[in-house]
Amino acid sequence: MKLSRYLKVAVLAIPFVMGSCFSKKKVVEEPRPVAADAVQQQDFLQQVNNNVQTAKFITSKVKFSVEVGNQQLTLTGNLRMKRDDVIRLQLMAFGFVEAGRLEFTKDYVLIMDRINKQYLKATYGQLDFLRNSGINFYTLQALFWNELFQPGRARMTEEALGDYQATLGEDDVVISYENGKMNYKWLATKNAAQIRMANIVYKDKLHGTTQLNWDYEDFKRNGKQLFPMRHGITFTAPEKEVKLGMVLNYMGAESDWETRTQVSNKYREVTVDEILRRFMSL
């Protein structure tokens, strides 16, 4: 397959996993439950919440992998994040030509396809999976930054921790939270209270089950906290499964970069449905 087509797969995969519905569920093995009173649970949940990163910026060169069916692609790129402001991923071709860009801000999601000179700019309410699952910028920030989150809120409060359940196992702890059709789970290490996996499931009788699974590996020291250098993201659909991998080269804190992308008038704006149709035809 030609490189240009591979790049299209990578660029198109991003809005697909952000905007569509999925049905295949990844099995999460929970540790055997043991007796734990409310005080024990809250103490552990507080430890998890205390692992929040204190850095203002996290930046790195990144290696991306995209797998859609039997099509696989590996690209390099950049990850740039500013706490409470923006998350930006840049996909590079040949190591120096930007092929695509994904930018999350508090108000919108921007997806740029530099190969075909087109872009998508939408609010979180316009993307089905994000809207239905109550995911906003702060939820995505917590997923990228390896943190516990309160759906739909900017901050996890101590009061909100009382609504979460902690099931203790021998080495790991499953944290769970349910709200209507939504089911959230995190797998954390028992000794360090470090999140190793996040799982979001949206159950709907009409559209089936939608799921996002985010795995974290290879933790490195970043100030006083640990940060995962490997991220594995899995999205599933009735006919397609999308897997995204992200490996950071280093832990940086560069701050000299523009936090908002200005789209040239040479780019054509497209809709979510248009990009989804192109993706499903691959």
Quiz item: By how many nm would the segment from residue 165 to residue 253 lengthen if fully extended, with 0.36 nm per residue of separation less the alpha-carbon distance?
Solution: 28.3 nm
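State the dimensionless ratio Rg/Rh of the stretch 101-236 (Rg: radius of gyration of Cα atoms; Rh: Kirkwood radius).
Answer for the stretch 101-236: 0.99.
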Practice problem: Calculate one ³J(HN,Hα) per residue across the stretch 222-227 by plugging θ = phi - 60° into the Karplus curve 6.51 cos²θ - 1.76 cosθ + 1.60, and present them in order as whole Hz with x for glycine and proline. | Solution: 10, x, 8, 9, 9, 9
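Given +1 on the Cβ of Lys and Arg, -1 on the Cβ of Asp and Glu, and no further charges, what dipole in debye does the stretch 78-216 carry about its Cα centre, rounded to the nearest 20? Could the numbers behind the result be given before it?
Values: 18 positive and 17 negative charges, 113 e Å.
Charge dipole of the stretch 78-216: 540 debye, to the nearest 20.
So if I place +1 on the C-beta of Lys and Arg and -1 on the C-beta of Asp and Glu, and nothing else carries charge, what would the dipole magnitude of the stretch 133-177 be about its Cα centre? I want it in debye, nearest 20.
On the way: 2 positive and 7 negative charges, 69 e Å.
Computed charge dipole of the stretch 133-177: roughly 320 debye.
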Quiz item: Which far-off residues, 5 or more places away or on another chain, put their amide H under 5 Å from the one on residue 114, with H placed in the peptide plane?
Solution: 100, 101
Quiz item: Normalised by the number of residues in the stretch 122-248, what is the relative contact order in percent for Cα pairs under 8 Å and 6+ residues apart?
Solution: 13
Practice problem: Work out the charge dipole of the stretch 127-229 with +1 on the Cβ of Lys and Arg and -1 on the Cβ of Asp and Glu about the Cα centre, then indicate which of 137, 187, 200 is farthest towards its positive end. | Solution: 137
Exercise. With a cut-off of at most 12 other beta carbons within 10 Å, and DSSP calling the residue loop, which trypsin sites (Lys or Arg not before Pro) in the stretch 239-276 qualify? Please list them.
Key: 260, 266
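Throughout, read-outs are computed from the coordinates displayed, never taken from laboratory work. No experiment lies behind these values; they were computed from the predicted model shown. Because the Cβ atoms are built from the backbone with ideal geometry, glycine has one as well, and the counts that use them run over all protein chains shown.
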